[in-house]
Amino acid sequence: MIVSQLIHPKSIAVIGASDNTTKPGGMVLQNLLKGNFNGPIYAINPKPLNIESVISYDNINKINTVDLAIIAIPASLCLQTIKELLKKGAKAFIIFSAGFSEAGEQGIAIEKKIVEIINKSNATLIGPNCVGVINQHYKGVFTTPVPEYDPNGCELISSSGATAVFIMESALLTGLRFSNIYSIGNAAQTGVEEILEYLDNTFDEKKSSKVKLLYLEQVKKPFKFLKHATSLIEKGCRIAAIKSGYSEAGGRAASSHTGALATSDNIIRALFRKAGIVYCSSRDELIAVGSIFQSKKLQGENIAIITHAGGSAVMLTDALTSNGLNVPPFESDRTQELLAKLNPGSSVNNPIDFLATGTAKQLGEIIDFCDNYEAVDAMVVVFGSPGLFNVKDVYELLDEKMNSCKKPIYPVLPSLINAEKEIKQFLNKGRVNFSDEVNLGKALAHVYVSTKYKFEKTILPDMDIVSIRSIINTAQNGYLDAATCVELIEAAGIEIAKQLIFTQAHEVENIEKLIKFPIVMKVVGPIHKTEVDGVKLNIITTQQAVETFHYLMQIPDATAVLVQELVKGEELYCGAAKQGDFGHVVLCGLGGIFLELINDTASAMAPMSYSEVRLMVESLRGYPLLKGYRNKKGLNEEKFIDIIQRIGALVHIAPEISELDLNPIKAEDKNMVAVDARICIDKINK
């Protein structure tokens, strides 16, 4: 819960205040004063302080009442200090101090006790181990720079105080503007979920910022995060986020393909996609996406590149087209008039290169042409300076055209030294600058693609829920036997190949009466059958079957042999894995032995809507295989979508399933049949 005293305090106490601005308690006082906080500021330090416009006390007891306390003292002193501040009416706390949960068991214990007493008092804690809060009413940070408040600027939420500073430093140089900034540090009580909840519940269409940038080191409450992020996006907000620390979390040992593939990064990407958040991999990308958010919205995928630098145009074209956007060629009969207005040697085929000698007037002609060309949805203008002439008139025209044109214009002004003065003048008009064309191209594509992730309400497919729950309720923890797997998959409405289980050689002697040749025989017991040579294909006689049975039963850990009709087709895959508080992540892709080798998978959080699953399938690098490739018939795409959606529904209905693999699924143009299923049950962590 975020209380009003954190957002708009009437009074602020700085505990550990100082007149030395090299200390957190000194710099925050300076920022509060420069930020024109409209209320009394109490500076608490046992030593005498002489700071103009600040009321100094040697201890907390001399304060009558206070709303917000900013604490910059050793961790060991914080608990008792907070108890005293609560008696003075304090309802909001920002703890700069480190030495809590990030520092070991003693710090964890102190942090836990602080959260307990703050919760009992219905108060709010930001931190500890943070740099503070910046908003319209006060600048409660001990760092610089302190951005000027802009109600239309970005709201920034960062797990790391230092990273928040780095983001602001870089962003301010690009012209990106900020409104509210929250450095949450350890997020002991108030994390990104609580701040998103507050922003959602207090959202005002006319007053609230519509751009949110997040740097996250953890998502503790994924469904709360999803609820409020989705709600904000539905209200017209746009959100981009970095989630760090994904590499180490994906390394857990797993006994199924899905368990190995369901990395932390896959899960976060699935969460962000479901909400409609743009996933970013770096600070530069986050800043570029934020700058795109503060520009006119891209309505289509066709981009015109306007430049006087051929190399930049080539790199930008590569970045755009390799990430899903188009740089369409222009029809020559429609560009002749434009070409006549440019210098000899200019090119108007898109990219439009009007050479280093191009003028502001010529740039205006090109922009007007593109703005009225129906095959163009946006323009990127790359214009720097070799230092030979002043580009002020070019940047002034660019500003005018950005106001008057129907379509968005993204400026790439790379001459940060030669045109430093002119770029600053351009930014002072409220503009942003993308100094790197490749970074812009990637970010623009990611933003545009993310707009596709607006999914309809999830409706579960018809399934035999009674049978599913009956199977799950009677199952023991661990992997289900092959027969029960088939029963469960069939109850979910998924076709699976007919199979028989044999434990004795004499049973195999009558096999031709039970199943048609050719057949496949697989060892039962070992987890990964192919790794122990436990799969034998194209067996066509009873004698072969008996011999194969004996061979398979000699494999260590073998308990039986599974026999199936040989099903032909391309190999696909679908699986699901339980991921703690995130629920189940469902993955799909190419199947068989190539699954982990190629790692061409798409992921989503269960359950999924039809449109969500369709986008999963279309995002696969192997998608052309489904559509039909090199005179080969396509596969039954709708059937594959149905299977994936049913797996998402199955694990939603049966959360006790910890891991599930359908690998491979044999697919043809009409038929699609699962030929191998593994399902693990965990009722303790359901």
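The values are calculated or read from the model by the stated rules, or taken from the named source; none is laboratory data. Just so it is clear, the structure is predicted and the values come from calculations on it, not from any experiment. Please note: Cβ atoms are built from the backbone with ideal geometry, for glycine as well, and neighbour counts cover all protein chains shown.
Only one of these conditions is not met by GLY478: (1) buried (at least 19 other Cβ atoms within 10 Å of the Cβ); (2) under 34 Å from the mean Cα position of the chain (by Cα). Which number is it?
Exception for GLY478: condition (1).
Only one of these is modelled with pLDDT of 95 or more, in contact with a helix residue (DSSP H, G or I) (Cβ under 6 Å, 6 or more places away or on another chain) and buried (at least 23 other Cβ atoms within 10 Å of the Cβ): ILE267, ILE292. Name it. Steps first, please.
Details: ILE267 fails: modelled with pLDDT of 95 or more.
Step by step, each of ILE267, ILE292 is checked, and only ILE292 is modelled with pLDDT of 95 or more, in contact with a helix residue (DSSP H, G or I) (Cβ under 6 Å, 6 or more places away or on another chain) and buried (at least 23 other Cβ atoms within 10 Å of the Cβ).
Select from the range 417-434 the residues that are in a loop (DSSP other than H, G, I, E, B), in contact (Cβ under 8 Å) with a residue 40 or more places away in the chain and either hydrophobic (A, V, I, L, M, F, W, C) or surrounded by fewer than 19 Cβ atoms within 10 Å (Cβ to Cβ) (or both) and list them in ascending order.
GLY430, VAL432, PHE434
Can you name the residue in the range 299-313 that is of a type in the set (A, V, I, L, M) and at pLDDT 95 or above and, of all such residues, is nearest to TYR395 (Cα to Cα)?
ILE306
With respect to the numbered conditions (1) in a helix (DSSP H, G or I); (2) touching a residue at least 24 places away in the same chain (Cβ under 8 Å), which one is the sole condition not fulfilled by TYR551?
The failed condition is (2).
Looking at LYS212, LYS207, LYS227, which one is more than 17 Å from LEU286 (Cβ to Cβ), free of Cβ contacts under 8 Å to residues at least 60 places away in the same chain and not in a loop (DSSP other than H, G, I, E, B)? Spell out the reasoning first.
On the way: LYS212 fails: more than 17 Å from LEU286 (Cβ to Cβ); LYS207 fails: not in a loop (DSSP other than H, G, I, E, B).
Exactly one of LYS212, LYS207, LYS227 is more than 17 Å from LEU286 (Cβ to Cβ), free of Cβ contacts under 8 Å to residues at least 60 places away in the same chain and not in a loop (DSSP other than H, G, I, E, B), namely LYS227.
Are there any pairs with C-beta distances below 7 angstrom linking a residue in the range 279-293 that is over 11 Å from LYS442 (Cα atoms) to a residue that is surrounded by fewer than 19 Cβ atoms within 10 Å (Cβ to Cβ) and among the aromatic types (Phe, Trp, Tyr), with the two at least 6 apart or on different chains, and if so which?
Note: pairs meeting the criteria are ARG283/PHE166.
Quick one: would you say TYR410 is within 23 Å of MET605 (Cα to Cα) and touching a residue at least 12 places away in the same chain (Cβ under 8 Å)?
no
Picking from VAL376, VAL394, which residue would you name as being of a type in the set (Val, Ile, Thr) and part of a loop (DSSP other than H, G, I, E, B)?
Testing whether each residue is of a type in the set (Val, Ile, Thr) and part of a loop (DSSP other than H, G, I, E, B) leaves just VAL376.
Here is a yes/no grid of residues against (1) hydrophobic (A, V, I, L, M, F, W, C); (2) part of a helix (DSSP H, G or I); (3) out of contact with any strand residue (DSSP E or B) (no Cβ under 6 Å at 6 or more places or on another chain):
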position	(1), (2), (3)
PRO128	no, no, no
ASN152	no, no, yes
VAL165	yes, yes, yes
SER170	no, yes, yes
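Among (1) under 23 Å from SER295 (Cα atoms); (2) in contact with a Gly (Cβ under 9 Å, 6 or more places away or on another chain); (3) surrounded by 20 or more Cβ atoms within 10 Å (Cβ to Cβ), which single condition is GLU400 missing?
(3)
What do you reckon, is ILE494 modelled with pLDDT of 95 or more, of a type in the set (Val, Ile, Thr) and within 40 Å of the chain's Cα centre (by Cα)? Can you show your working first?
Details: modelled with pLDDT of 95 or more: yes; of a type in the set (Val, Ile, Thr): yes; within 40 Å of the chain's Cα centre (by Cα): yes.
Yes; evaluated as a whole, the condition is true for this residue.
For every residue, the table says whether it meets (1) part of a helix (DSSP H, G or I); (2) surrounded by 14 or more Cβ atoms within 10 Å (Cβ to Cβ); (3) of a type outside the set (Asp, Glu); (4) in the same structural domain as ASP399 (by TED's automatic domain parsing).
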| residue | (1), (2), (3), (4) |
| --- | --- |
| ARG273 | yes, yes, yes, no |
| ILE287 | yes, yes, yes, no |
| LEU316 | yes, yes, yes, yes |
| PHE330 | no, yes, yes, yes |
| LEU339 | yes, yes, yes, yes |
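Only one of (1) touching a Ser or Thr at 6+ places or on another chain (Cβ under 7 Å); (2) within 30 Å of ALA270 (Cβ to Cβ); (3) surrounded by fewer than 16 Cβ atoms within 10 Å (Cβ to Cβ) is not met by LEU587, so which one is it?
Answer for LEU587: the failing condition is (3).
Taking the conditions exactly as written (of a type in the set (A, V, I, L, M), modelled with pLDDT of 95 or more, surrounded by 15 or more Cβ atoms within 10 Å (Cβ to Cβ) and in contact with a strand residue (DSSP E or B) (Cβ under 9 Å, 6 or more places away or on another chain)), does LEU49 satisfy them or not?
On the way: of a type in the set (A, V, I, L, M): yes; modelled with pLDDT of 95 or more: no; surrounded by 15 or more Cβ atoms within 10 Å (Cβ to Cβ): yes; in contact with a strand residue (DSSP E or B) (Cβ under 9 Å, 6 or more places away or on another chain): yes.
Answer is no for this residue.
Quick test for you: out of SER11, SER4, SER76, SER97, pick the one residue that is within 22 Å of ALA188 (Cβ to Cβ), of a type in the set (Gly, Ala, Ser) and crowded, with 18+ Cβ neighbours inside 10 Å.
SER97
Can you find a residue that is of a type in the set (Gly, Ala, Ser), free of Cβ contacts under 8 Å to residues at least 40 places away in the same chain, touching a Leu at 6+ places or on another chain (Cβ under 6 Å) and over 22 Å from PRO145 (Cβ atoms) anywhere in the range 62-80?
No, because not a single residue in the range 62-80 is of a type in the set (Gly, Ala, Ser), free of Cβ contacts under 8 Å to residues at least 40 places away in the same chain, touching a Leu at 6+ places or on another chain (Cβ under 6 Å) and over 22 Å from PRO145 (Cβ atoms).
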